[in-house]
Amino acid sequence: MDNLKQNTTRINRRIAEAALRSGRTFDDIMLVAVSKTVDMAAVEKAHQLGIENFGENRTREIVLKQQGLPEVKWHFIGHLQTNKVKEIIGKTSLIHSLDRWRLAEEINKASRALEEQTDVLLQVNISGEEQKYGLEPGAVKDFLADAGQLKRIRIKGFMTMAPLEAETDEIRSIFKEMYRIRQTMSELGFKHCDLKYLSMGMSQDYEIAIEEGANIIRIGSSLFNT
């Protein structure tokens, strides 16, 4: 657990430095600790060290861990199957992976049944990788316009990922484009859309992401040594 404390201190320092380079402060950046590979003891220790947000990519895990530690904010960060939606409605602070219309309808339906309002991020596949989920950039505007009819969903922004093995210039270009789309869409004023969040950047590229406008980063391996 000493490593966790050291890792948290180091990551917080780098977040603060990257935020400063982008004209912001440490408090402007939300760190989501990706806890999908660690047990509750590690999550509890991270929480004691000041981390408030945790991310899981499986519905069963987020349900179990949310029951064990309901006072923190739980984020669903994985690909969400429509038949699993009901399991996590009301248990998440933010779903990062809205990537198709059918899923939006299902989240809205399940949220209405439970009288919940569900916050989501629209996942966009900026890199164009076939193995990645997400809307094509050209489909974002129409999706946001249509989403205005889904009154139980609030689209709070966007999420994207850069290829794991990409060079720095390519990573930066992808994040720049996501930021540009966020700015353009924010100016159009869609219903039930706030678009305040930009979730991009993981252990290998979070500093670049912050420099290019991210205000949510998802860090697992660098934090928990997984």
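Listed values, structure above:
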{"item": "Sole exception among (1) of a type in the set (G, A, S); (2) farther than 25 Å from M185 by Cβ; (3) under 12 Å from the mean Cα position of the chain (by Cα) for S93, by number", "result": "(2)"}
{"item": "Extreme residue, nearest to L4 (Cα to Cα), among residues of region 189-223 that are at pLDDT below 95 and of a type in the set (A, V, I, L, M, F, W, C)", "result": "C193"}
{"item": "Matching strands (runs of 3 or more DSSP E) fully within region 15-104 where at least 1 residues are at pLDDT 95 or above and within 27 Å of N3 (Cα to Cα)", "result": "30-34, 53-56, 73-76"}
{"item": "Lone qualifier among D142, D119, D99, D146 - being in contact with an Asp or Glu (Cβ under 9 Å, 6 or more places away or on another chain), within 30 Å of S173 (Cα to Cα) and of a type in the set (D, E, K, R)", "result": "D119"}
{"item": "Which numbered condition S203 misses (of (1) of a type in the set (S, T, Y); (2) in contact (Cβ under 8 Å) with a residue 24 or more places away in the chain; (3) closer than 21 Å to K36 by Cβ; (4) surrounded by fewer than 17 Cβ atoms within 10 Å (Cβ to Cβ))", "result": "(2)"}
{"item": "Every residue from region 77-89 that is in contact with a strand residue (DSSP E or B) (Cβ under 8 Å, 6 or more places away or on another chain) and over 14 Å from E116 (Cβ atoms)", "result": "I77, G78, H79, L80"}
{"item": "Inter-residue pairs, beta-carbon under 8 Å, first closer than 23 Å to K91 by Cα and at pLDDT 95 or above and in region 114-137, second assigned to a loop (DSSP other than H, G, I, E, B) and among the aromatic types (F, W, Y), 6+ apart", "result": "Q123/Y133"}
{"item": "Lone qualifier among E212, E167 - being without any contact (Cβ under 8 Å) to a residue 24 or more places away in the chain and under 24 Å from I11 (Cβ atoms)", "result": "E167"}
{"item": "Residue selected from region 14-51 under the condition closer than 17 Å to L198 by Cβ and among the small types (G, A, S), by the criterion surrounded by the most Cβ atoms within 10 Å (Cβ to Cβ)", "result": "A18"}
{"item": "Criterion (buried (at least 20 other Cβ atoms within 10 Å of the Cβ) and either within 18 Å of S203 (Cβ to Cβ) or free of Cβ contacts under 8 Å to residues at least 24 places away in the same chain (or both)) met by exactly one of I11, I62", "result": "I11"}
{"item": "Criterion (in contact (Cβ under 8 Å) with a residue 60 or more places away in the chain, of a type in the set (S, T, Y) and touching a Gly at 6+ places or on another chain (Cβ under 9 Å)) met by exactly one of Y197, Y179", "result": "Y197"}
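Listed here are the residues, each with its yes/no results for (1) touching a Lys or Arg at 6+ places or on another chain (Cβ under 8 Å); (2) surrounded by fewer than 16 Cβ atoms within 10 Å (Cβ to Cβ).
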{"residue": "Q67", "(1), (2)": "no, yes"}
{"residue": "I77", "(1), (2)": "yes, no"}
{"residue": "K86", "(1), (2)": "no, no"}
{"residue": "I89", "(1), (2)": "no, no"}
{"residue": "I107", "(1), (2)": "yes, no"}
{"residue": "V120", "(1), (2)": "yes, no"}
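So that you can scan it fast, the table gives a plain yes or no per residue for (1) under 25 Å from L64 (Cα atoms); (2) touching a Cys at 6+ places or on another chain (Cβ under 6 Å); (3) hydrophobic (A, V, I, L, M, F, W, C):
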| site | (1), (2), (3) |
| --- | --- |
| G90 | yes, no, no |
| L94 | yes, no, yes |
| R102 | no, no, no |
| S111 | yes, no, no |
| V120 | yes, no, yes |
| I126 | no, no, yes |
| D146 | no, no, no |
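The values are calculated or read from the model by the stated rules, or taken from the named source; none is laboratory data. Keep in mind the model is a prediction, meaning the values are calculated, not measured. Every residue, glycine among them, receives a Cβ derived from its backbone with ideal geometry; neighbour counts consider all protein chains shown.
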